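Contents: one structure, followed by commentary.
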Amino acid sequence: MAKPVVAIVGRPNVGKSTIFNRIVGERVSIVEDRPGVTRDRIYNTGEWLNYEFNIIDTGGIDIGDEPFLAQIRHQAEIAIDEADVIIFMTNGREGVTAADEEVAKILYRTKKPVVLAVNKIDNPDMREAMYDFYSLGFGNPFPISGSHGIGLGDMLDDVVQHFAGISQTDYDEEIIKFSLIGRPNVGKSSLVNAMLGEERVIVSDIAGTTRDAVDTTFKHNGQEYVIIDTAGMRKKGKVYETTEKYSVLRALKAIDRSDVVLVVINGEEGIIEQDKKIAGYAHEAGKAVIIVVNKWDVVEKDEKTMKLFEQNIREHFLFLSYAPVVFLSAKTKKRIHTLVPEIIKVSENHSQRVQTNILNEVIMDAVAMNPTPSDKGKRLKIFYAAQVAVKPPAFAVFVNEPELMHFSYERFLENRIREAFGFEGTPIKIFARARK
Ligand code: GDP
Ligand code: GDP
């Protein structure tokens, strides 16, 4: 189920990022070898009551050298385009300003729900200040204090109550959902066109499903696929669409909705820092990943070139050691036909469930081969293991004391599990749990 998206808009310094951080809270990744990127401060996951949603801080999307008012206008437009519910944030200490009215004017254009929040109401005496804000025309303002954490519950109650009315794009479980991410001009939309141009691919409607106009559905050998956010790959020409932050935002949204992520690299230019950052998002999200090296037609090569390029990728993307690498050309269509089989393979591995008895044989063999670590005279004891999740596969290892599980030992177990069961293309997670 795609999570609803909430965006915070408002002029600078009203407290958007303070509130964003409060809502996002501490979210510690269980993936150990973090590639050094945390999700950008502009986009993350929040939770309230039984709802999970994604939240955008539009204040983090700066649009080049645009003048102040143009910036916040674009941010409000982004909120309208990208969010299901909008939190319009103002500052109770300063009253309604011209810039607030500017934001309001943009937000009048949307039918999406807008929740008006008046921040910096740090104590009850200040509540008077919020009456001013009825003039903005968004109904009852919610008095909140980001720094003191007051009033957020009431505001979020209102936000999540609007989720009921959202029309969600939900695809069947059996449909394989994938996205192509990568920096501009690596050839993402050319790749989509090349894949859809393959003769045995039939672009079709699936009866009974509602779909976003932004996705493309096709069928290949009886299997249905959705390319997530195809529209996002085709440039439309709005000012903000070429900014890096905005493309990161689109990529993160697409990753969230995908089972498989194709990280596209330009073979002609090689790997740059931005590629690593983008690949890191896919890894952190726990998706199946394929690294696609495009424009291989223009690379001058001999018999060693591919091998060297792959080595280079492995060095730069240590955290993606599980991802297969495909070299191809959207232009000449060379090896385009290998993509769909790769997608099927990694997607199957991503949802693979292994048999508990075989898993335990593998773990016990591993322990026999390489004794468990010990600390201060105490040795880790492994009792048994169980797979607790798919997409990505996650394994609980039940032990005497979880603190004794060393990272390197966890890595060793991961390697043994991979050798025994495959799992190419998918991250897997292992955690030590105390046996009750
Ligand atoms: P943004 O530019 O809208 O993202 O605003 P920030 O979250 O960066 O906050 C701007 C300033 O307002 C910072 O100095 C915050 O510490 C402060 N601030 C945020 N929320 C509150 C609040 O509820 N009360 C008070 N007094 N200050 C706040
Ligand atoms: P996107 O921004 O990632 O969607 O990239 P595009 O698909 O728009 O491609 C950017 C440019 O690279 C265009 O001029 C394409 O014609 C070119 N291009 C895409 N794929 C290939 C390829 O495999 N080989 C070559 N030589 N050029 C390509």
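No value in this document is a laboratory result; all are computed from the given coordinates. Keep in mind that this is a model prediction, so the values were computed, not measured. Counting neighbours? That spans all protein chains shown, and the Cβs are built from the backbone with ideal geometry, glycine included.
Measuring nothing but how far apart in sequence close Cα pairs (under 8 Å, 6+ apart) lie, relative to its length, the chain scores a relative contact order of 12 percent. One chain, two ends: Val388 and Thr110. Fully extended at 0.36 nm per residue, the span grows by 95.8 nm beyond their Cα-Cα distance.
Here the Debye sum runs over all C-alpha atoms of segment 5-165 as equal scatterers in vacuum, and log10 of I(q)/I(0) at q = 0.14, 0.18 Å⁻¹ comes out as -0.67, -1.10.
Taking 0.36 nm per residue of separation and subtracting the Cα-Cα distance, full extension of the segment from Asn400 to Phe431 would add 9.9 nm. Of the chymotrypsin sites (Phe, Trp or Tyr not before Pro) found in segment 50-144, the ones in coil according to DSSP and having at most 16 other Cβ atoms within 10 Å of their Cβ are Tyr108.
Output the direction-averaged projected area (hull surface divided by four) of the convex hull of the alpha-carbon atoms of the chain, in nm². Before the final figure, lay out the partial values.
Numbers: hull surface 101.5 nm².
Result: a mean projected hull area of 25.4 nm².
Three principal axis extents describe the C-alpha atoms of segment 320-436; from largest down they are 62, 25, 21 Å. Considering only Tyr225, Val397, Phe142, the residue lying farthest towards the positive end of the dipole of the chain is Val397, judged by Cα position with unit charges set on Cβ.
The long axis of helix 152-161 is offset from the longest Cα principal axis of the chain by roughly 70 degrees.
Which order, highest average first, do 339-348, 357-366 follow once you tally other Cβ atoms within 10 Å for each residue and take the mean per peptide?
Highest to lowest by the protection proxy: 339-348, 357-366.
With a cut-off of 13 Å between beta carbons, the residues surrounding Pro143 carry a summed charge of -3, where Lys and Arg count +1 and Asp and Glu -1. Among the listed pairs Lys238/Lys295; Lys177/Lys253; Lys188/Lys276; Lys188/Lys287, those whose Cα-Cα separation exceeds 20 Å are Lys238/Lys295. The loop-placed GluC sites (Glu not before Pro) in segment 53-150, going by DSSP, that have at most 16 neighbouring Cβ atoms within 10 Å of their Cβ come out as Glu94. The distance from the alpha carbon centre of segment 74-105 to that of segment 267-300 is 36 Å, rounded to a whole number. In this calculation the C-beta distance from Glu128 to Ile344 is compared with R0 = 56 Å, giving a FRET efficiency of 0.35. The distance separating the Cα centre of segment 332-368 from that of segment 123-165 comes to 48 Å. Extension gain, Asp154-Arg418: 0.36 nm per intervening residue step, less the Cα-Cα distance, totals 90.4 nm. On the beta carbon distance between Leu196 and Met369, with R0 = 56 Å, the FRET formula returns roughly 0.70. Give me P(r) over segment 301-357, computed from all C-alpha to C-alpha distances, binned every 5 Å, as integer percentages. Going out from 0 Å in 5 Å bins, segment 301-357 shows 4, 14, 17, 19, 22, 12, 6, 3, 2, 1 percent.
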